[in-house]
Structure formats: C-alpha cells, structure tokens
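A short write-up of the structure that comes next.
Derivation of every value follows stated rules applied to the coordinates shown; laboratory data play no part. Bear in mind that the values here come from a model prediction, so they are computed numbers and not experimental data. Cβ: placed from backbone, ideal geometry, glycine included. Neighbour counts: every protein chain shown.
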Amino acid sequence: MPTTLPAPVLTIRNPATGAVVGEVPVTPIDVIPAVVARARIAQAGWAARTLDERAAMLLGAKGALAAAAERMGTLASQEMGKPIKEALGEAKYAASGLEEMVREAVEALREEVLEDANVTTRLVFDPFGVAAAITPWNFPILMPVQNVLPALVAGNAVIFKPSEVSPLCGQAWAECLQSVLPEDVLQVIHGDGKQGAALVGAGVDLVVFTGSRATGMAIMREAAGHLTRLILELGGKDPLLVLEDADLEAAATFAVRNSFRNAGQVCVSTERIFVHESVADRFTQLVVEGATSMKQGDSADESTQIGPMSSARQKSIVMRQLQEAIAAGARCLAGECDGGPASAGNFVRPTVLVDVTPQMSIMRDETFGPVAPIVRVNSDAQAVAMANDTPYGLGAAVFGAPDHAARVAERLTAGMVGINKGCGGADGSPWVGSRHSGHGFHGGKYGTRQFAQVRTISRSR
Ligand code: NAD
C-alpha cells in the first residue's frame, strides 16, 4: 500500500515556557519556482494599476490590520518572547501607521521632472518585477511592514518569507494584506535558510532582506550570479559615547533602555559603551542600578520589561560571549556574573561588564543580548577611535553638552547617529547602515526609491 509522508511543519514553541504556540507548513523547495511563476503573472496586472490605485488598495487593509492587532501582538509575544505591551504596540502600529507609510512611499515614487536650458527629463520609478522579502524575528511585524509594503507600492509582486522563529505573526500580517490584494500579488512561503536561499536563487528581480551580516553575505553571493538587485539591512555593534560633560542620569537611562530593550535583540541596541574616565564610576553605578531594577519574566505579564531570549540558540551565543569575556578578565557587575547560577530557561539577566578589551568577541561580534560592556576612555579621540573600530556601522549615540556631542557625532562612521538620544531620525529619514551594516537601505525618499528601477525619459525643450 502506498504511504504518504505527512507534510513537514514548523512547530513554534514559546521560548520561555516551551509551550506549543502553533505550526505552519514548510514550503517544499521544489514548489518555490512555481510560486515565483505565479508572482510574475500577478505582477503584470499589479504594475498596470497606477501608483494611487495600488496605494488605495493597500490602505483598504487598515481595518483588517486593526482587527488582527490583538492576535498578532499576542502571537509575536508568544513566538519570540517580546513583552506583551511592546508586542501589542508593534502590532497596533502596523494598522495605525499604514496610511503614513503608504503616503511616504507614494510621494517617493511619484514621477519627478528635471529641466535644464535644453532638456526636459521625466524620472519614472518602475517596479523591478518579483521581489523576495526575507525577514528576521526580532520585530516580527515591523520588519515585514518595512520590507514588503514599499515593494508593493512600487508595483512589485512580493514573495514574503518570515523568520522560521516568528512565522505565525508574519502569516497573520500577510493575510490582512492578502484580503485586499489581487491573488498572488503577495504570497508567503515558510521555512528556514534553505527556503530563503532557494527563493533568492529562483530568479526573483529584487531581494529585500533584513537579518544578520553572515546571511547578507550569503545572499549577496547567491544573487551575484544573476546580478539581482539587493536591499540588505544587516546587523550592528552600536556604540554609545558618554562625554565628560554628559547629563549622566539621562545617559545611563538611555544606556539601560537601549542595551536591554527586547532583551538586547534590537539591531540598534547599544552593544559597546565608551565613557570618559572622569565620570565613569558614577555612570557605571547608575547603569548597574538600572540593570538590577528591571523586571524580567513572563512576556505575557503587562509589567514585564524583559522577556526571554528568542531561542536557546540566541541564549547560547550571548552566554558564550559573556563567558569568554569573563574568562579573559572582564568584571561582571550585574546579571549573569561568573560563579552565579545561569538563569534558567532561555532567560539572560541584564548584565553589566567592565574591564573589557577590544579583542574580546563581546566587543567585536554582534551580541544581540542584554549585555552592556563599559569601557573607560581618556579623551574624545580615544572614544571615537574605539567606537569606529568595527566592521559594522548601523547606529551610534553620543551623550554630552549639545555642541560638544554634535562635534563628536560628526566623527562617527555609523549610518545613523543620535545626539543625546537614540539614532532614529525625523519622519522621512532613511533607516540606513553603513559599511557591513547595510548594502542599500529603506525608509524615506531615498530608501523607498531603492524598491524601484529609476528610468529617465528626456526630450529637447
Ligand atoms: P538571520 O540572518 O539568521 O535570518 C534572517 C532571515 O534570513 C530568516 O528569515 C532566515 O530564515 C533567512 N535566511 C537564513 N539563511 C538564509 C540564506 N542563506 N538565504 C536567504 N535567507 C536566509 O537573522 P535573524 O537571527 O533572524 O535576525 C537577527 C539579525 O537581524 C541581527 O543581525 C540583527 O542586527 C539583524 N537586524 C537588522 C535590522 C536592520 O534594520 N539593520 C533590523 C532587524 C534585525
């Protein structure tokens, strides 16, 4: 009797409790070319609509997104351990921010006319065709929003692969859009790096990727054979510089929030702190107080500030870096300190290290965990040199007297620098990494235009 093997599924477990959250079917690799072929057929009709028609259709998803927000937020919290308050905030923003995000994309992609004495040129923004959007788990709703929406507004059909860690809320978000889009304009596939690599290699025209530097490099290698367009938003090792004239309470509050938020699993988390030696003791004491006062626990509890790491794998990366640093002479002042019992389950306590050196992996490699390594420096020049001593260049922050901090900020090589604040810019700013933190970027006029092929059409005047 012929036997049929059950279709493989991804079973998602709550990283704090191990409880099953749900499952999704894994997309067989050999099905992916057919998914791309369907996208290509759908894309022709989608691109034939005007920019405003596409935008209006997408805006129709607002009601579905609002209705699904509670469910998406709960799923995000259960899948990757984000505290429920933050997860719900992220899910609600997918609905409340939709109009603004679509409007920004439409403005960026509207035709523009350039003229000189002799020539009139129209700049036209055409879709590439079929786009693959591959996302990470750390902002499991915001990342799909930022990677998929501009591609759709531009007239591309999109094949979306959410992270294998957070496929359920990715699927839920996509279903809201699918409810208002023509068939196959947005499709979802599920799986891990194998499905991601197969999708990149399946003849798509654009890959929009947010994730780690290593995966970004793998995607670039795969895409090179087809010269596929890429937008890669990658990891970081963000520095915080605390100058001798900084408001120490403000700097420490920022350090605590930005090192430990989302259990340190934010691309622009503070991962290295350089503080002037004249204020280092007081600043460090404030950070230790902040770290030890944070409430860590069940993500479903409204008062929880830090949940678990998203997975055992993520915890093991953080613990390995911590243990190596402590073995090489770093002193642990709070959290997962040498000799203390490691936290149970997938939890890592907010940890503060001093006496770290630039050679330690905790100072070189992305940690993506709740760790604040603090280095004393004796000058701005030393702080800047150490902050720039990284292949990454995503965000950075400088705390100090405003003019002083602004001068220091000019010398940092990160794509986004905040002065007495985090690195996010005003509305319309790009979200951009320099060096190994990005290859292409999104957000704002310049980022959104990367989701389209610019074409010039010129005539004599
Ligand atoms: P990851 O690179 O391991 O995985 C990201 C996605 O890529 C997943 O969907 C995964 O299945 C897929 N993938 C894995 N191998 C692939 C391959 N060979 N080809 C195609 N796809 C493949 O990253 P992660 O652990 O999910 O996310 C954490 C990383 O994302 C961190 O480095 C973080 O800094 C980064 N990140 C960056 C930004 C930014 O804006 N720059 C934002 C969020 C997260």
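Counting only other residues whose beta carbon sits under 11 Å from that of His436, what net charge do I get with K and R as +1, D and E as -1?
Details: positive: Arg213, Lys237, Arg435; negative: Glu366.
Its environment carries a net charge of +2.
Take Leu59 and Ala7, extend 7 Å from each Cα along the Cα→Cβ direction, and tell me the distance between the two endpoints in nm.
Calculated label separation equals 3.6 nm.
Assign unit charges at the C-beta atoms only (+1 for Lys and Arg, -1 for Asp and Glu), then state the dipole size of region 303-461 relative to its Cα centre in Debye, rounded to the nearest 20. Don't jump to the answer; show the numbers that get you there.
Details: 16 positive and 11 negative charges, 179 e Å.
Computed about the Cα centre, the dipole is about 860 debye.
Test of understanding: ordering Tyr392, Tyr93 by Cβ neighbours within 10 Å, fewest first, what list do you get? Present the calculation step by step, with values, prior to reporting the outcome.
Values: Tyr392 27, Tyr93 18.
Ordered from fewest to most neighbouring Cβ atoms within 10 Å, Tyr392, Tyr93 come out as Tyr93, Tyr392.
Suppose every K and R has +1 on its Cβ and every D and E has -1 on its Cβ; what is the size of the dipole of the chain about the Cα centre, in Debye to the nearest 20? Before the final figure, lay out each step's value.
Numbers: 40 positive and 48 negative charges, 168 e Å.
That gives a dipole near 800 debye.
In nm, to one decimal, how far is the modelled label at Lys445 from the one at Ile457, with both set 7 Å along Cα→Cβ?
Reported label-point gap for Lys445 and Ile457 is 2.1 nm.
Against the longest alpha carbon principal axis of the chain, how many degrees, from 0 to 90 and to the nearest 10, is the axis of helix 248-260 turned?
Compared with the principal axis, the helix lies near 50 degrees.
Would you calculate the convex hull of the Cα atoms in region 54-143 and tell me its volume per residue in Å³?
Working: hull volume 11.3 nm³, N = 90.
Taking the convex hull of the Cα positions in region 54-143, it is 126 Å³ per residue.
Show me, for region 273-284, the HN-Hα J-couplings you get by feeding each phi into the Karplus relation (A = 6.51, B = -1.76, C = 1.60, θ = phi - 60°), rounded to Hz, glycine and proline as x.
10, 10, 10, 5, 4, 5, 10, 5, 5, 5, 4, 4
Please identify the cysteines of the chain that lack any partner cysteine with a Cβ under 4.7 Å from their own Cβ.
Lacking a cysteine Cβ partner under 4.7 Å: Cys169, Cys176, Cys267, Cys423.
Of Lys62/Lys295; Lys82/Lys237; Lys62/Lys421; Lys237/Lys445, which sit over 24 Å apart, Cα to Cα?
Too far apart for the 24 Å limit: Lys62/Lys295; Lys62/Lys421; Lys237/Lys445.
Please name whichever of Gln382, Gly335, Ala406 sits farthest to the positive end of the charge dipole of region 238-427, dipole taken about the Cα centre and charges placed at Cβ: Lys and Arg +1, Asp and Glu -1.
Towards the positive end, the residue furthest out is Gly335.
Could you tell me what percent of the DSSP beta bridges with both partners in region 238-427 are antiparallel, to the nearest 5?
15 percent
Please give, to one decimal in nm, the separation of the simple spin-label points placed at Glu302 and Ser361, each 7 Å out from Cα toward the Cβ.
Taking the simple label geometry, Glu302 and Ser361 are separated by 4.1 nm.
Among Cys176, Pro28, Val158, whose Cα projects farthest towards the positive end of the dipole of the chain, with charges put on the beta-carbon of Lys, Arg (+1) and Asp, Glu (-1)?
Most positive-ward Cα: Pro28.
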